[in-house]
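The values are calculated or read from the model by the stated rules, or taken from the named source; none is laboratory data. Because the structure is predicted, anything quoted here is derived from the model rather than measured. Neighbour counts run over all protein chains shown; Cβ positions are idealised from the backbone, glycine included.
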Amino acid sequence: MRRHHVTSRRSSQSQAADSDRVSLLISAVAKRTLQGSLEDEKAAMVLNPVISKLAGKLVVLASASPRRLEILRNAGLRFEVVPSWFKETLDKSLFKAPHEYAMETAKQKALEVARRMPFKHLKTPDIVIGADTIVAVDGMILEKPVDKHDAYRMLSSLSGKSHSVFTGVAIVLCHEKENDEVDYQLFDFYEETKVKFADLSENMLWEYINSGEPMDKAGGYGIQALGGMLVEYVHGDFLNVVGFPLNHFCKQLDLIYNHGAFSSEQETSPGSASHNGTHASPTILTQSSPNAPAQSSHSNGSSAKHNPSASQTHHTQSSPSASPVHKVKKNDGESEVGESSWTLVNSLSKHTDDRQAEVIDSENAALLMTSRGPAMELNVTEHEGGEPRKEDLQRITELMDGFKASKALFTASKMCVFDLLQSRPGLNAAQVAEEIKASVKGTECLLEACVSLGLLRSKERKCQKPVYENAGLASRFLLSDAPFSLQGYIQHCDKTVWPLFSHLEDAVREGSNQHEKAFGKKSKDVFQDTFYNSLDVKLRFMNAMHSIAKVTGKAVATAFDLSSFKTACDLGGCTGAMAYEFTKSYPGLSVTVFDLPAVVEMSEHFHPLRTDNRVSFVAGDFFKDDLPKADLYILARILHDWPDEKVHVLLSKVADACTPGCAVLIAETMLDGRTPYSALQSLNMLAQTEGTERTESQYADLLSKHGFGNTRVVHTTNFLDAFIGIKL
Ligand SMILES: Cc1cn([C@H]2C[C@H](O)[C@@H](COP(=O)(O)OP(=O)(O)OP(=O)(O)O)O2)c(=O)[nH]c1=O
């Protein structure tokens, strides 16, 4: 492998940071203890010589699936997680068999991340892994249900029958060249497992659906948890059902690394490598031909219609040998190679959202599919006639209009549009207007804006006004009673963050928070004087923290194996939502939530059905009062509120309370990836509290000054990254 191409381009500092990050990442095998990781790694090497071949490489899992993360983490693989932005909306009717659909989706997920990372994360991965799991029954492909009714439809179609679960996997090897191009080499395969469901009564079905488990899982069930009770038998790889065929993956890596497939110079050769009892067709995407793909991205509508069998012509069934997939110029150069490469990427991305596909022409289809990837940066240049490219205009418009999208979301949420359409799907604009007490004209505009943003779906009916229903995103995050409702946080964004951001220029000039200008209140201590000063603002702020903690809690709690800790203290733990996630994850753990008296007196209202007596609340000020004794101190979204001086005060109190072996767990978004989320969140902290987000090494530095070491970080797939340090 020409590893030197990768390293030669990065600065030595970022190289070190990258390799540190990789080595800090998940290293345990089956039992993830903080201590036992070295032995576990050895075990992984003995078990699978292939996994060890990936040591030192920047391996990226292009998936937000916690199951995939867990499976690969348990196999001892070290990797970063960068969830793919590829929308799973390929037109299923265009695929001859379900597994082809899963493989194509997996491929698009992986390629999207491979293309985005050099530009958005400023580093080129060595390997990107993408996967897609689907359920196939009676000629239908089932993905994740969009709502409870969809889950019901799926589960009843599985009742009493056998079905197949397919996971398509794509492995993209990225080769950085000296001339700043990247070659992508793609291997893909799929695995099928047969699952037989018992007969499901209506009661069972609804009880299962109401558990909330089906919503993020293909076919609407999770065999690894409650859904296991619905299953009579399984034929094939169990992990394949859970989202990742580990065994087949290892065999595939073996072919790539130990049998010569890993080379961008070799010719592709026909033939297929098949493994006993599994379906293996390691396809390799070959160099694009300048003609065919170019037509599909730049010409008329007919060529834009994607034909999967045509797309297969860009692949060569091969034995383990490979040729470059495509080359991408990372600067503005418009060489022939760069151009043809992009057209290939666009042609691969030409399966578009059904709704969009009906209304857009081929050029727009290409535009939509590339609108969030690096294509814009790659080609920020002018046509021969001096006209700007559509892609660039699209991207710059998105950035200029971002605030309009946010405000449309806030407004629809505040006017309860999503709750209304959940209880009464299929209303037209006039009916919605009547319910939300608004003008028909305004409501029509708002509903259409929400459709364009992917929050609502509209259905056109002949000669009638369109009717509306919630899209999956809205059902999952925007309802007031959804388990992962972000409504509280959205209200905080609307009522607090929005006014603060209207004074961003002052915040930047002065380096200070903007409460006084935005709300006319001078505040020495933002929390005591502003957030907790009046009941309605306090409740709104607590609601916001509660909703974020519910969404992020499990990912933070399970980022590391914390089962050796018996007592924890969640500093600034607000309503206790995070604490409850910790006790749910660790049966032997008790958590004390420590927060200001004004907060603690209200926290009970957020847990009307409180049943877990392992969570308790103590009122106090963590800058002044003694901290409750604990083995583990949790600081979730706390340190970003304060400048370094105050962070040192707090950490020194934590350090005083700790004996050797105790730990501090920090949950924040880390600035390292330079993602818009973390960078904008840092601006947000400036305007709100004069705090800041930080990098991993800044947290490591802060902790080391208070006697904490052995720091490790896990980039969860959620809003927050988790960082742990042990008291030495
Ligand atoms: C059938 C079944 C699926 N699943 C999960 C595996 C996948 O995570 C999910 C299928 O959705 P996918 O679209 O394959 O994956 P994802 O959306 O979770 O993550 P990403 O697209 O970012 O890679 O269903 C189970 O966990 N258990 C099961 O029994």
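Would you check if there is a residue in the range 91-102 being crowded, with 20+ Cβ neighbours inside 10 Å, within 14 Å of the ligand (Cβ to nearest atom) and among the aliphatic types (A, V, I, L, M)?
Yes: one or more hits.
Pairs needed: first member in the range 414-429, touching a residue at least 40 places away in the same chain (Cβ under 8 Å); second member anywhere, of a type in the set (Ser, Thr, Tyr); C-beta distance under 7 Å; at least 6 residues apart or different chains.
Within 7 Å, the pairs are ASP419/SER480; LEU421/TYR468; GLN422/SER475; LEU427/TYR468.
If I filter the range 245-253 for residues that are within 12 Å of the ligand (Cβ to nearest atom) and among the basic types (Lys, Arg), do I get at least one hit? Step through it out loud before you land on a result.
Step one: of the range 245-253, the residues within 12 Å of the ligand (Cβ to nearest atom) are 245.
Now narrow it down to the ones that are among the basic types (Lys, Arg): none.
Looking for residues that are within 12 Å of the ligand (Cβ to nearest atom) and among the basic types (Lys, Arg), one finds none in the range 245-253, hence no.
What pairs can you find where one residue is in the range 544-559 and in contact (Cβ under 8 Å) with a residue 12 or more places away in the chain, the other is acidic (Asp, Glu) and part of a helix (DSSP H, G or I), and their Cβ atoms are less than 6 Å apart, with a gap of 6+ or different chains?
GLY553/GLU581; LYS554/GLU581; ALA557/GLU581
Go through the range 690-719 and give me each residue that's touching an Asp or Glu at 6+ places or on another chain (Cβ under 6 Å), farther than 15 Å from HIS648 by Cα and crowded, with 19+ Cβ neighbours inside 10 Å.
Here is the first cut: in the range 690-719, the ones touching an Asp or Glu at 6+ places or on another chain (Cβ under 6 Å) are 691, 695-696, 713, 715.
Filter once more, keeping what is farther than 15 Å from HIS648 by Cα: 695-696, 713, 715.
Answer for the range 690-719, where residues must be touching an Asp or Glu at 6+ places or on another chain (Cβ under 6 Å), farther than 15 Å from HIS648 by Cα and crowded, with 19+ Cβ neighbours inside 10 Å: GLU696, VAL713, HIS715.
How about the range 593-617: which of its residues are crowded, with 16+ Cβ neighbours inside 10 Å, in contact with a helix residue (DSSP H, G or I) (Cβ under 8 Å, 6 or more places away or on another chain) and over 15 Å from LEU539 (Cα atoms)?
Correct list: VAL593, ARG614, VAL615, PHE617.
Taking only the range 216-233 into account, find how many residues are in a helix (DSSP H, G or I) and either more than 12 Å from LYS148 (Cβ to Cβ) or not assigned by TED's automatic domain parsing to the domain that holds LEU155 (or both).
8
Out of everything in the range 572-589 that is within 23 Å of the chain's Cα centre (by Cα) and not aliphatic (A, V, I, L, M), what residue ends up being surrounded by the most Cβ atoms within 10 Å (Cβ to Cβ)? Break it down stepwise before answering.
First, the residues of the range 572-589 that are within 23 Å of the chain's Cα centre (by Cα): 577-582, 584-585.
Still in the list and also not aliphatic (A, V, I, L, M): 580-582, 584-585.
Details: TYR580: 25, GLU581: 22, PHE582: 28, LYS584: 15, SER585: 16.
Looking at the filtered set, the residue picked out is PHE582.
Restricting the search to the range 139-185, which residues are away from the ligand (no atom under 14 Å from the Cβ) and in contact with a His (Cβ under 8 Å, 6 or more places away or on another chain)?
Result: HIS175, GLU176, LYS177, GLU178, VAL182, ASP183, TYR184, GLN185.
Residues to consider are LEU226, LEU205, LEU230; find the one that is surrounded by 17 or more Cβ atoms within 10 Å (Cβ to Cβ) and either within 25 Å of SER63 (Cβ to Cβ) or in contact with a His (Cβ under 8 Å, 6 or more places away or on another chain) (or both).
LEU230
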